[in-house]
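The values are calculated or read from the model by the stated rules, or taken from the named source; none is laboratory data. If you're wondering where the values come from, they're calculated on a predicted model, not measured in any experiment. So basically every Cβ, Gly included, is an ideal-geometry build from the backbone, and we count neighbours across all protein chains shown. In case anyone asks, the SASA skips ligands and DNA or RNA and just uses the protein heavy atoms, side chains included. Shrake-Rupley method; radii C 1.70, N 1.55, O 1.52, S 1.80 Å.
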Amino acid sequence: MKNEVPKKNSRASKSSGTWIEPEHEAALRAEPIGFLRSGKRSKFSLPHQPIGKQDERNVVELLGGKQFEQALLDLAGFERVWLVWWFHRHRNWKPQVLPPRGPKRKRGVFATRSPHRPNPIGITPVQLIRVEKRKLVVGEVDLIDGTPILDIKPYIPAIDSFAQSKAGWVDEIERAQDEPARFQVTLSELAEAQADYLEQEWGLEIIEDAARRLRADPNPHRTRRIRRHEKGFLMSCGAWRVYFTVEGEAVEVLRMAPGYPYEYLVDPEKTRIADRQAQIAFRARWPEE
Ligand SMILES: C[S@@+](CC[C@H](N)C(=O)[O-])C[C@H]1O[C@@H](n2cnc3c(N)ncnc32)[C@H](O)[C@@H]1O
């Protein structure tokens, strides 16, 4: 894929502000070479990057009938490979996003590894355990089950690693964090569906903010807006509520809910309600039990 400066009398067409030769334009259409099989369906419970914490096995299954067996020859000697993949469970891109770590501050999406990119392409260096015909058995991943794989490249430390390079705002938050987060946060199936709905349909990243706060400390606290509720806890996140339980260092988000009562939401006199339409739609989809 290469963007060309148009030559005089070139057949190139103008596409999104850059000149691309027609033969290259066709090459812009990428197709999956295979899919990841990880059994992990929850995108909110995955690591943000695989950092060698989990000893696990996942499989990249390449498609048949494409000579991919030959394309995999000579890969077995590499300890790591780059997976280049498509964030298929992502819909909208955003110029600025709220990273899961550090203070509540949005960053330009190109300065992050967020899925919310104009071209939702992910890159992950994974441990290569073995190659079996058209399958790669790999270690820890940050991809959900069924993620389309676009390409595989060998990880070459001499080329791909610059461990001493500065890392901007990421360095800043690492320096500021005295203690690493103590609590692990997972989502129930219901909470996962609700978080996905708010993100995809309404562009609301409620769960990112909630998870960051819960990882730091889920204990009841007035200023953190956490209180006991039945057998668990309830945390306020802006106009939303997050219900969760804590066992040891494991926090499970059970469900989310709008913070405003229905009468408020439909009262035309109340003009300053945050996320009003999203709250009404959420209530219609998940009526209070
Ligand atoms: C922060 S991104 C980083 C991805 C990649 N390592 C990169 O740097 O480009 C990883 C997160 O993407 C989400 N994710 C994983 N697979 C996805 C998919 N197929 N579609 C949308 N989001 C996905 C999960 O929440 C995961 O924790």
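If I compute solvent accessible area with a 1.4 Å probe over the protein chains, what percent of it on the chain is carbon and sulfur?
On the way: 9100 of 18050 Å².
With neighbouring chains kept in place, the figure for the chain is 50 percent.
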Under a GNM of the chain (C-alpha, springs under 10 Å), which listed residue has the highest mean-square fluctuation: Ser42, Ser161, Ser236? Ser161
Cα-based Rg (one decimal) and Dmax (whole number) for the range 184-285, in Å? 13.7, 45
For the range 125-237, the Cα convex hull volume per residue in Å³ comes to 204
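Expressed as a whole percent, how much of the Cα-Cα distance distribution for the chain exceeds 35 Å?
Working: 13114 of 41616 pairs.
It works out to 32 percent of all Cα pairs.
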At R0 = 30 Å the Cβ-Cβ FRET efficiency linking Arg107 and Ala76, nearest 0.05, sits at 0.20
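Dividing the Cα convex hull volume of the range 49-94 by residue count, how many Å³ per residue is that? Spell out each step's value before the answer.
Details: hull volume 6.8 nm³, N = 46.
Cα convex hull per residue, to the nearest whole number: 148 Å³.
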Which value, in Å³ per residue, describes the convex hull spanned by the Cα atoms of the range 30-176? 128
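Grab the Cα-Cα distance for Arg41 and Leu28, subtract it from 0.36 nm times how many residues apart they are, and report the gain in nm with one decimal. It would help to have the intermediate numbers written out before the result.
Details: separation 13, 0.36 × 13 = 4.68 nm, distance 2.89 nm.
Here the segment from Arg41 to Leu28 would lengthen by 1.8 nm.
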Under a 1.4 Å probe, what is the accessible area of the chain per residue, stated in Å²? 62
